[in-house]
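What follows is a short report on a single structure.
The values are calculated or read from the model by the stated rules, or taken from the named source; none is laboratory data. In this text the structure is predicted, and so the values were computed from the model without any measurement. Cβ placement follows ideal geometry from the backbone for every residue including glycine, while neighbour counts extend to all protein chains displayed. For accessibility, only protein heavy atoms count, side chains too; no ligands or nucleic acids. Shrake-Rupley method; radii C 1.70, N 1.55, O 1.52, S 1.80 Å.
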Amino acid sequence: MVQASYHFPRGFLWGTATAAYQVEGNNTNNQWCIWEQNGHTKGICGLAADWWGGRWKEDLDRAAEGGQNAHRFSVEWSRIQPTPDTWDEDALEHYRNMLRGMRDRGLTAMVTLHHFTDPIWFYELDSWENDQSPALFEKFVRKTVEALKEYCTLWCTINEPNVYALSGYVVGDFPTKRRGLDIATKVMANMLRGHARAYRAIHEIQHESRVGYAHHHRPMVPKRAWNPLDRLMRNIRYTGVNMAFPSALSTGVMKSPIAKIQIPEAKGTQDFLGLNYYSVDTVSFHPGKRNELFTHSEYPADADMSDSNFLANIPEGLFETIKWAVNTYPNLPILITENGVEDSDDHIRPRYLAQHIHQVWRAVNFN
């Protein structure tokens, strides 16, 4: 067996990431619970990993024992603010207790304030379609950060706003009431406004804070490089998936395939860039996919695939993603906020993780 040692800078953060709906259990006051009950998923979240029942202690014990020194987790908006005019102080104390547990285990905490789930009352107001959504989000952020600031200085405002908007309002895999690329564009614009308001609110409350968001970045290649339609579709899809938030945070203008929207208050509102990377898409022209701007995405036929063919193991894409981030934001710290693969029996995960860590080492040393 080939072996190698890779050295990373002192203070490098090694950790795992979780989402409240993924691990807490018994989250019944958000739109995903309704979505499950209406039969849109293969199962229900149910008890999940029972973190709300206290089993976060066991998992974080294992994390610390395995040499991790950081953990990213999300708070559940619907627990903290179950109705527009009420706050659950017990829920906030539960999260404070978790943060104390991370500190005691030597884990640097990153708190994600929005990770795909919306309170039912927010959903009934049409969620991020509603032009009041940025102010409503800021109100929640202020309450939460004020309560947790003793134990955390690293904040992720929103997880993967591009995935939230496109998977819901274009593809239809996430809970929404309506669909359409124009609606998805409006949703991303309002999420940008919410992020900007949250950024300033957090810094007002906690001057030493570091605030960013988690960007799902999807490198793409044309299926047939010689085909001008495939190259065009690759560029259209790449812009639609990857560039809305980054363009606005760089320039104050949100760019999408169908619009350019002025959001000047968003410019410069990040202290780090969170990168979520999983795989690379192969893109071609497809006349039957009008809702996706006639683009089609797939993986190579010989790809190293995950259990349900959801992900292809393409570690070089992580290096390209980091290179894109460095070129786009040359003065910002980069945190890999998500990377991994679904794998029920660990037949692909060991090599997936090792190969992707190698690409991070390559970027740290040679980018």
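Couplings 3J(HN,Hα) of region 93-109, computed from phi: 5, 4, 5, 4, 5, 4, 5, 4, x, 5, 4, 5, 9, x, 9, 6, 9 Hz, in residue order, whole Hz [Karplus 6.51 cos²θ - 1.76 cosθ + 1.60, θ = phi - 60°; x for Gly and Pro].
So which GluC sites (Glu not before Pro) in region 303-367 pass both tests, a DSSP loop state and at most 13 other Cβ atoms within 10 Å of the Cβ? Within region 303-367, the qualifying GluC sites (Glu not before Pro) (loop, at most 13 other Cβ atoms within 10 Å) are 342. Distance distribution note for region 284-367: the fraction of Cα pairs above 15 angstrom is 67%.
Using the Kirkwood formula on the Cα atoms of region 145-205, what hydrodynamic radius do you get, in angstrom to one decimal?
Numbers: mean 1/r = 0.0775 Å⁻¹.
Its Kirkwood hydrodynamic radius stands at 12.9 Å.
Take the chain with all the other protein chains still there, run a 1.4 Å probe, and you get 46 Å² of accessible area per residue. Within the shell defined by Cβ-Cβ distances under 14 Å, the residues around residue 142 carry a net charge of +2, with Lys and Arg each +1 and Asp and Glu each -1.
Classify the chain as rounded, prolate or oblate from the Cα gyration tensor: take a ≥ b ≥ c as the square roots of its eigenvalues, call it rounded if a/c is under 1.5, otherwise prolate when a/b beats b/c and oblate if not.
Details: a/c = 1.39, a/b = 1.12, b/c = 1.24.
Rounded, because the longest to shortest axis ratio a/c is under 1.5.
Classified by the C-alpha gyration tensor, region 104-154 has a prolate form. Its axis ratio a/c, with a ≥ b ≥ c, is 1.5 or above, and a/b is larger than b/c.
Share of the chain's accessible area from carbon and sulfur, percent, 1.4 Å?
52 percent
Three semi-axes describe the equivalent ellipsoid of region 218-367; taken as square roots of 5 times the Cα gyration tensor eigenvalues and ordered largest first, they are 26, 23, 13 Å. Over all other residues within a Cβ to Cβ distance under 11 Å of residue 222, the charged ones net out to +3, with Lys and Arg as +1 and Asp and Glu as -1. With θ taken as phi - 60° and the Karplus curve 6.51 cos²θ - 1.76 cosθ + 1.60 applied, the whole-hertz 3J(HN,Hα) list for region 304-317 is 7, 9, 7, 3, 9, 6, 6, 10, 9, 7, 10, x, 4, x Hz, x standing for glycine and proline.
Here the label points at residue 13 and residue 139, each 7 Å from Cα along the C-beta direction, are separated by 3.0 nm in the simple model. For residue 120 and residue 85, the difference between the fully extended length at 0.36 nm per residue and the C-alpha to C-alpha distance is 11.3 nm. Candidate cross-link partners of residue 255 among the lysines, defined by an alpha-carbon separation under 18 Å and a same-chain spacing of 8 or more, comprise 186, 267.
Nearest 20 debye, what's the magnitude of the dipole of region 194-284 about its Cα centre given +1 on Lys and Arg Cβ and -1 on Asp and Glu Cβ? Spell out each step's value before the answer.
Details: 12 positive and 6 negative charges, 95 e Å.
Dipole about the Cα centre, nearest 20: 460 debye.
Could you tell me the calculated FRET efficiency between residue 62 and residue 204, based on Cβ-Cβ distance and R0 = 35 angstrom, to the nearest 0.05?
0.45
Spin-label model, residue 361 to residue 177: label points 7 Å out along the Cα-to-beta-carbon direction sit 5.2 nm apart. At 7 Å along Cα-to-Cβ for each site, give me the label-to-label distance between residue 96 and residue 42 in nm. Result for the modelled spin labels: 4.1 nm.
Each Cα pair of region 24-125 feeds into the Kirkwood radius, which the Stokes-Einstein equation turns, at 10 °C and 1.306 mPa s, into a diffusion coefficient of 108 µm²/s. How about region 150-187: which trypsin sites (Lys or Arg not before Pro) there are in a DSSP loop, with at most 15 other Cβ atoms within 10 Å of their Cβ? Passing both the DSSP loop test and the Cβ count: 177, 178, 179. Here region 176-246 is treated with +1 on each Lys and Arg Cβ and -1 on each Asp and Glu Cβ, and its dipole about the Cα centre works out to around 400 debye. Note on region 1-86: dipole from Cβ charges, positive end direction compared against 39, 68, 9; the farthest Cα belongs to 9.
Sorted largest first by accessible area at a 1.4 angstrom probe radius, with every protein chain in place, the residues 153, 112 fall in the order 153, 112.
Beta bridges from DSSP with both residues in the chain: antiparallel share about 30 percent, rounded to the nearest 5.
Summing +1 for each Lys or Arg and -1 for each Asp or Glu, what net charge is found among the other residues whose Cβ lies under 12 Å from the Cβ of residue 342?
So the environment of residue 342 carries a net charge of -3.
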